[in-house]
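As structure tokens, the structure follows; a few thoughts come after it.
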Amino acid sequence: MSQVWPVYKGSSFNLWDPDTGTYYDSVDSVSITEHLQEKRRSQSGTRSSAFAELDDGVFDDPETLPCRRARIAFRDVTRSTDTRTLIAALVPPERVIVNQAPYLLRTAGSARDEAYVLGVLCSMLCDWQARRTVELHVTFEQLNSFTMPDPGEGHPVRDRVTELAARLAASDERFSEWAAEVGVPVASATAASSTGGGG
């Protein structure tokens with residue numbers, strides 16, 4: 001059944017805020033799904049594409065498109081006057097994103113790994129790294145150069161970051177599937193914890 005999906009730009013989300021209500025446009029879900037499915041198929045043969053890392057069976061199922069599930073996006077454009085340089089969020093499913101808000105494609109791992117990565121990206125320590133190299137745009141090349149400490153699943157610090165990030169990110173029922181995979185309830189972050197500015 002056809003629906004109208006918002007098209008996100010950078011200002012469509014903020015730290016721990018998956019939907020500011022400001023959109024680039026809107027799009028018909030059926031037509032954009034067909035377009036994105038065809039685009040993914042064509043990019044799967046390009047070695048530099050992240051889609052090349054996916055199993056062949058994935059490409060036949062439009063339900064596996066990234067726009068069908070929650071994913072981490074970050075703002076491409078930044079300014080030295082901004083309070084934070086690196087602004088990332090978990091955006092809801094059924095959202096299309098323009099180039100000014102690149103997203104991370106999960107090709108391996110779990111939603112718990114995704115929650116941990118989000119927690120680190122939204123931390124002041126990661127933002128400090130960004131401020132040392134970023135001028136006007138946050139690129140994948142710069143993002144890949146940031147130190148991403150990972151003590152491993154089961155480490156108390158990693159597990160705590162994962163839980164806090166997941167609770168802050170899964171703000172409503174749109175994230176229920178993702179939150180269930182992480183193992184946290186939706187809308188479980190308190191107002192006090194969400195004003196801390198991020199891990």
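Structure summary
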{"item": "Relative contact order computed over the chain (Cα-Cα under 8 Å; 6+ residues apart), in percent", "result": "21"}
{"item": "Estimated [θ] at 222 nm from DSSP helical runs (n ≥ 4, -39500 (n - 2.57)) normalised by residues in the chain, nearest 500", "result": "-9500 deg cm²/dmol"}
{"item": "Nearest-10 value in Å² for the accessible area of Phe140, using the 1.4 Å probe", "result": "90"}
{"item": "Mean separation of Cα contacts under 8 Å, 6 or more apart, over the residue count of segment 36-152: relative contact order %", "result": "24"}
{"item": "Taking N as its residue count, the alpha carbon Rg of segment 101-157 over 2.2 N^0.38 Å", "result": "1.20"}
{"item": "Rounded Å value of the spacing that divides the Cα centres of segment 74-120 and segment 123-159", "result": "12"}
{"item": "Inverse mean reciprocal Cα-Cα distance (Kirkwood Rh) of the chain, Å", "result": "17.5"}
{"item": "Label-point gap, in nm, between Ala50 and Ser11 - each point 7 angstrom along Cα→Cβ", "result": "2.5"}
{"item": "Pair Met148, Ser110: separation of 7 Å Cα→Cβ label points (nm)", "result": "1.7"}
{"item": "Area accessible to solvent at Tyr23, 1.4 Å probe radius, in Å²", "result": "90"}
{"item": "Pair His35, Gln100: separation of 7 Å Cα→Cβ label points (nm)", "result": "1.7"}
{"item": "Hydrodynamic radius of segment 71-141 per Kirkwood, over alpha carbon pairs, in Å", "result": "12.8"}
{"item": "Candidates Ala165, Ala179, Ala108: whichever shows maximal mean-square fluctuation once the chain is modelled as a Gaussian network with Cα springs under 10 Å", "result": "Ala108"}
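The values are calculated or read from the model by the stated rules, or taken from the named source; none is laboratory data. On a predicted model such as this, the values are computed, not experimentally measured, just so you know. All Cβ positions, even for glycine, are placed from backbone atoms using ideal geometry, and neighbour counts span all protein chains on display. Heads up: the accessible areas ignore ligands, DNA and RNA and are worked out on the full protein's heavy atoms, side chains in. Shrake-Rupley method; radii C 1.70, N 1.55, O 1.52, S 1.80 Å.
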